[in-house]
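Structure record follows, encoded as structure tokens.
The values are calculated or read from the model by the stated rules, or taken from the named source; none is laboratory data. Note that the coordinates shown come from a computational prediction; the quantities given were computed from them, not determined experimentally. Please note: Cβ atoms are built from the backbone with ideal geometry, for glycine as well, and neighbour counts cover all protein chains shown. Quick note on the areas: whole protein, heavy atoms, side chains included, nothing else; ligands and nucleic acids left out. Shrake-Rupley method; radii C 1.70, N 1.55, O 1.52, S 1.80 Å.
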Amino acid sequence: MSAQKKRNFQIEAFKHRVVVDPKYAEKTWKILEHAIHEIYNHNASGLSFEELYRNAYNMVLHKFGEKLYSGLVTTMTYHLKEISKSIEAAQGELFLEELNRKWADHNKALQMIRDILMYMDRTFIPSTHKTPVHELGLNLWRDVVIHSSKTQARLLDTLLELVHRERSGEVINRGLMRNIIKMLMDLGSSVYQDDFEKHFLEVSADFYRCESQEFIESCDCGNYLKKAERRLMEEMERVSHYLDARSEAKITNVVEKEMIESHMNRLVHMESSGLVNMLVDDKYDDLGRMYSLFRRVQNGLVIVRDVMTAYIRDTGKQLVTDPERLRDPVDFVQRLLDLKDKYDKVINLAFNNDKTFQNALNSSFEYFINLNARSPEFISLFVDDKLRKGLRGVSEEDVEVVLDKVMMLFRYLQEKDVFEKYYKQHLAKRLLSGKTVSDDAERSLIVKLKTECGYQFTSKLEGMFTDMKTSQDTMHGFYSAVGHQLGDSPTLAVQVLTTGSWPTQPSATCNLPAEILWVCEKFKSYYLGTHTGRRLSWQTNMGTADLKTTFGKGQKHELNVSTYQMCVLMLFNNTDRLTYKEIEQATEIPASDLKRCLQSLACVKGKNVLRKEPMSKDIAEDDAFFFNDKFTSKFFKVKIGTVVAQRESEPENQETRQRVEEDRKPQIEAAIVRIMKSRRVLDHNNIVAEVTKQLQARFLPNPVVIKKRIESLIEREFLERDKTDRKLYRYLA
């Protein structure tokens, strides 16, 4: 198909000229001007808008747009001046009502005029860059009415007066306020800001400055905060009812600055009602209010946090250094837990679980718990108390809660290895005496420790449980193999403990009674016969025994005693009276243990199976002991516990510390070697920093000790000093 030729069409104007009446423009404008007068005079019902539109259309079409536009400006200005006079004449409260009514009238008129002049609005105005009709109407209203010399200041004063009256508790016409403020906003954001908002904020700042000064002199902290909160809510409500939404941030900022920021320090430290008093009295509502208000201002929460931290540190320091509190380790730890619960609740209920407050609380606890060198021991004693008897009959969930709280305190300890030392000793005593509330609770705590500190921390603790299980199997084997040879000899239950796992101290074996010794030798020969390459040493200080005893008048009891107590009591099978020296010689029990043992047998009311002369609470070397024939008890089984030193005496504590220090040396050396192996060359300060970082999960190594361990490694040729820089160390492969 052949391509068709494109044709270009052109439309040409009429050749003959259209003649326009020379008075056409004037006549047409008069019609339109009359219509505008009628619209402003509320007589628009008789007008033909279609005809008026056509007239305006023709004027623009015949190039009389300029005349039409300037005529419109003149006519509107005339009417607005009349309106302005009427508004100025309104008295008192009628002023705003008149302004509001005339503004509504002007808007209606403007709408009709814009409809009539729509063609001019769409064609003439954009091409000549003039102001559109509606915008022109607003600008003229602003310049002629609002900015008139008599209205501008009066309007501002009236609006500010109404706001002041509302703040003072009066009810005002909010609908009228909303209309007037909206008018200012419709006239342009700059009109609202310059004619009202700027002055409103200044007056508000003065108002709240005076009011806050008045409040702070007459109110306590809690009431002041309530008033500040109420004022803040009122201002937000005021914005939502009749101000520009963008004013909210500005006016709340004024209230915050004048009522909170200016008085922060005074409020927090206010005597008898400040932050510390709120914390002491558990005033969660007041604390929550303080938190929500202070978070609005810069550094507000920093002040609250700092004061709270200082108070908690001070309280905690008093608690951990009070000699009275240190007498009862279980009560000491319970008070720490109660203190932590108290402030956890404050942070949860009042401070929105704020992480920065939680961190401040944690650092405070870490600070004061480590002020007392005995904290690790006391926490272990607390666990010991709970797992022996404190958690008996308690549900599993509650046991877990207690253990979790203990773990929380454990995390604060810098000397976790000291806790481990004591915990191991206490666990050993619980396991060997069968006094643990539940194996599940014991294992649960070990799992928690393992999660916190790693396998190495708990491997020996787990080994202790393994030994207990293995010992049961060993005893079954022993009685199956040699039970028939034992006849009526005492029943023996032996726990075989692996040396590395248990906190056994080399103890002098006491002289066991002959009948017990014989069974022990039987077990020893059986055990060594079934296990090659092993050695057994008896830990008589850790054992217990059940003795069948007959007192006066044939009264029989079964006494549950320690191995040492058994050795002492069985001496009285052959005699009624023995002196301290004779008992010591016959049993060879270490003096400190023997005194504790005799104390529990002769000095504890209701458990005194021996009599002592002279009677006193303490054991002296010239005391004499008699079998107490007159002993009675309503129980058949009588448990006679050793008078335990619940907490270590000072010399024992020093000894434990020394053992811990010795245990730390190889750990510090291992850390130094690990670091130097990977870094090859390192200066002294960096080694100290790295070693501290590696070991802080278990303990905080002393820089002096680290230096000594480096010297020791240099002597053993693991490291060497640099030839030129003495502070630099090199690793020797």
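Among Ile710, Ile83, Met407, whose Cα projects farthest towards the positive end of the dipole of the chain, with charges put on the beta-carbon of Lys, Arg (+1) and Asp, Glu (-1)?
Farthest along the dipole direction, towards plus: Ile710.
So with the 1.4 Å probe, I'd like the accessible area per residue for the chain, rounded to whole Å². Walk me through the numbers on the way to the answer.
On the way: 39990 Å² over 733 residues.
The answer is 55 Å² per residue.
At a threshold of 8 angstrom on Cα-Cα distance, excluding pairs fewer than six apart, so keeping six or more, what relative contact order does the chain reach in percent? Show your work: numbers first, answer last.
Numbers: 705 pairs, mean separation 45.9, N = 733.
Contact order relative to length: 6 percent.
At a Förster distance of 30 Å, what's the computed FRET efficiency of Asp663 paired with Thr451, Cβ-Cβ distance as r, to 0.05?
On the way: r = 22 Å, r/R0 = 0.75.
For R0 = 30 Å, the calculated efficiency reads 0.85.
Considering only the other residues whose Cβ falls under 13 Å of the Cβ of His269, what net charge follows from Lys and Arg at +1 and Asp and Glu at -1?
-2
I'd like to know which of Ala586, Thr321, Gln298 lies farthest towards the positive end of the charge dipole of the chain, counting +1 on Cβ of Lys and Arg and -1 on Cβ of Asp and Glu.
Ala586
Taking the simple approach of a point 7 Å from Cα along Cα-to-Cβ for both Thr579 and Glu66, what is their distance in nm?
Placing both labels 7 Å beyond Cα along the Cβ direction yields 14.1 nm.
Between Leu326 and Met408, what FRET efficiency follows from the Cβ-Cβ distance if R0 is 35 Å, with the result rounded to 0.05? Walk me through the intermediate numbers first.
Values: r = 21 Å, r/R0 = 0.60.
For R0 = 35 Å, the calculated efficiency reads 0.95.
Could you run the Karplus curve 6.51 cos²θ - 1.76 cosθ + 1.60 with θ = phi - 60° over the range 323-333 and give me ³J(HN,Hα) per residue in whole Hz, x for Gly and Pro?
Values per residue, Gly and Pro as x: x, 4, 5, 6, 6, 10, x, 5, 5, 4, 6 Hz.
Please report the net charge: other residues with Cβ closer than 13 Å to the Cβ of Thr458, K and R +1, D and E -1. Walk me through the intermediate numbers first.
On the way: positive: Lys416, Lys424, Arg443, Lys448, Lys450, Lys460, Arg698; negative: Asp417, Glu420, Glu442, Glu452, Glu462.
Counting the neighbours of Thr458, the net charge comes to +2.
So how much accessible area does Phe627 have, in Å² to the nearest 10, using a 1.4 Å probe?
Surface open to solvent at Phe627 totals about 50 Å².
Tell me, what is the 1.4 Å probe accessible area of Lys637, in Å² to the nearest 10?
Using a 1.4 Å probe on the heavy atoms, I get roughly 140 Å².
Name the residues whose placed amide hydrogens come within less than 5 Å of the amide hydrogen of Ala545, ignoring near sequence neighbours (fewer than 5 apart) on the same chain.
Sorted by chain and number, the residues that satisfy this are Val561, Ser562, Thr563.
Magnitude of the Cβ-charge dipole of the chain, K/R +1 and D/E -1, about the Cα centre, nearest 20 debye? Don't skip to the end; give the middle numbers.
Details: 110 positive and 107 negative charges, 470 e Å.
For this selection, approximately 2260 debye.
When all protein chains stay in place, what accessible area (Å², nearest 10, 1.4 Å probe) is found for Lys522?
Approximately 60 Å² of Lys522 is accessible to the 1.4 Å probe.
Enter the angle in degrees (range 0 to 90, nearest 10) between the Cα long axis of helix 284-294 and the first principal axis of the Cα atoms of the chain, meaning the one along which they spread out most.
50
When only the heavy atoms of the protein chains count and the probe is 1.4 Å, how do His42, His37, His426 rank by accessible area, highest first? If you can, show how the numbers build up before the last one.
On the way: His42 130, His37 50, His426 20 Å².
My answer, sorted largest first, is His42, His37, His426.
On a 1.4 Å probe surface of the protein chains, which of Leu461, Leu512 comes out largest in accessible area, and what is the full order? List each step's numbers first, then the result.
Working: Leu461 0, Leu512 30 Å².
In descending accessible area the options line up as Leu512, Leu461.
What percentages, rounded to whole numbers, describe P(r) for the chain computed over all alpha carbon pairs with 20 Å bin width beginning at zero?
Here the calculated profile for the chain is 12, 25, 20, 15, 14, 9, 5, 1.
7 Å from Cα along Cα→Cβ at both Leu536 and Asn43: what's the point-to-point distance in nm?
For Leu536 paired with Asn43, the spin-label model returns 13.1 nm.
Which of the lysines could a cross-linker bridge to Lys198, judged by Cα under 24 Å and excluding same-chain residues fewer than eight apart?
Excluding near neighbours in sequence, the set is Lys150, Lys182, Lys250, Lys257.
Based on the alpha-carbon gyration tensor of the range 156-217 and its eigenvalue square roots a ≥ b ≥ c, which shape applies: rounded if a/c is under 1.5, prolate if not and a/b is larger than b/c, or oblate? Present the calculation step by step, with values, prior to reporting the outcome.
Working: a/c = 3.65, a/b = 1.64, b/c = 2.23.
It comes out oblate by the Cα gyration axes.
Tell me, in nm to one decimal, what length is gained between Ala493 and Ser525 on full extension, where the rule is 0.36 nm per residue of separation less the Cα-Cα distance? Before the final figure, lay out the partial values.
Working: separation 32, 0.36 × 32 = 11.52 nm, distance 1.51 nm.
Stretched out fully, the Ala493 to Ser525 stretch lengthens by 10.0 nm.
Roughly what % antiparallel, to the nearest 5, for the DSSP beta bridges in the chain? Don't skip to the answer; put the middle values down first.
Values: 20 of 23 bridges.
Of those bridges, close to 85 percent are antiparallel.
Where does the range 23-145 land on Rg(C-alpha)/(2.2 N^0.38 Å)? Please list the in-between numbers first.
On the way: Rg = 15.0 Å, N = 123, 2.2 N^0.38 = 13.7 Å.
That works out to 1.09 for the range 23-145.
Expressed as an acute angle from 0 to 90° and rounded to the nearest 10, what is the orientation of the C-alpha long axis of helix 49-61 relative to the principal long axis of the chain?
In the chain, helix 49-61 runs at an angle near 80 degrees to the longest axis.
Mind giving me the nanometre distance, one decimal, between the label points for Leu94 and Ala697, set 7 Å out from Cα along Cα→Cβ?
Result for the modelled spin labels: 8.7 nm.
Cut-off under 22 Å on the C-alpha distance; same-chain residues fewer than 8 positions from Lys469 excluded. Which lysines are left, in chain and number order?
List returned: Lys424, Lys429, Lys435, Lys448, Lys450, Lys460, Lys522, Lys524.
Given the pairs Lys227/Lys345; Lys30/Lys102; Lys677/Lys707, which span a C-alpha to C-alpha distance of over 20 angstrom in this model?
Values: Lys227/Lys345 25 Å; Lys30/Lys102 25 Å; Lys677/Lys707 18 Å.
Distance filter (> 20 Å) returns Lys227/Lys345; Lys30/Lys102.
Starting from one equal scatterer on each C-alpha and no solvent at all, send me the Debye-based log10 I(q)/I(0) for the range 517-565 at q = 0.14, 0.16 Å⁻¹, two decimals.
The calculated log intensity ratios at q = 0.14, 0.16 Å⁻¹ are -0.54, -0.64.
When the chain is fully extended, how far beyond the present Cα-Cα distance does Glu51 get from Ser149, taking 0.36 nm per residue of separation?
Numbers: separation 98, 0.36 × 98 = 35.28 nm, distance 3.95 nm.
So the extension gain works out to 31.3 nm.
Working with all protein chains in place, sort Thr656, Thr470 by solvent-accessible area computed with a 1.4 Å probe, largest first. Walk me through the numbers on the way to the answer.
Numbers: Thr656 5, Thr470 70 Å².
Sorted by accessible area, descending: Thr470, Thr656.
Restricting to DSSP H runs of at least four residues, report the calculated mean residue ellipticity at 222 nm for the chain, -39500 (n - 2.57) per run over all residues, nearest 500 deg cm²/dmol.
Numbers: 30 runs with 449 residues, N = 733.
Computed mean residue ellipticity for the chain: -20000 deg cm²/dmol.
Taking H as built 1.01 Å from N, whose amide H comes closer than 5 Å to the amide H of Val638, not counting residues under 5 places away?
Here the answer is Glu558, Leu559, Asn560, since their amide H atoms fall under 5 Å of that of Val638.
To the nearest 20 debye, what charge dipole does the range 171-282 have about its Cα centre, counting +1 at the Cβ of each Lys and Arg and -1 at the Cβ of each Asp and Glu?
Dipole size: approximately 360 debye.
Using a 1.4 Å probe on the protein chains only, how many percent of the accessible area of the range 23-145 belongs to carbon and sulfur?
Details: 3370 of 6390 Å².
Roughly 53 percent of what the probe reaches on the range 23-145 is carbon or sulfur.
Given a Förster distance of 22 Å, report the FRET efficiency between Glu214 and Glu248 from their Cβ-Cβ distance, rounded to the nearest 0.05. Could you put the intermediate results ahead of the total?
On the way: r = 25 Å, r/R0 = 1.14.
Between Glu214 and Glu248 the formula returns 0.30.
Would you mind checking Lys283/Lys693; Lys342/Lys665; Lys553/Lys581 for any pair whose Cα atoms are more than 32 angstrom apart? Working shown, then result.
Values: Lys283/Lys693 40 Å; Lys342/Lys665 39 Å; Lys553/Lys581 30 Å.
From the list (Lys283/Lys693; Lys342/Lys665; Lys553/Lys581), the Cα-Cα distance tops 32 Å for Lys283/Lys693; Lys342/Lys665.
Under 20 Å from the Cα of Lys727, which aspartates and glutamates turn up, not counting those fewer than eight places away in the same chain?
Once the sequence-local aspartates and glutamates are set aside, what remains near Lys727 is Glu669, Asp683, Glu690, Glu711, Glu715, Glu717.
What is the helix-to-structure angle for 439-453, meaning the angle in degrees between its Cα long axis and the longest Cα principal axis of the chain, kept from 0 to 90 and rounded to the nearest 10?
Helix 439-453 sits roughly 60 degrees off the main axis of the chain.
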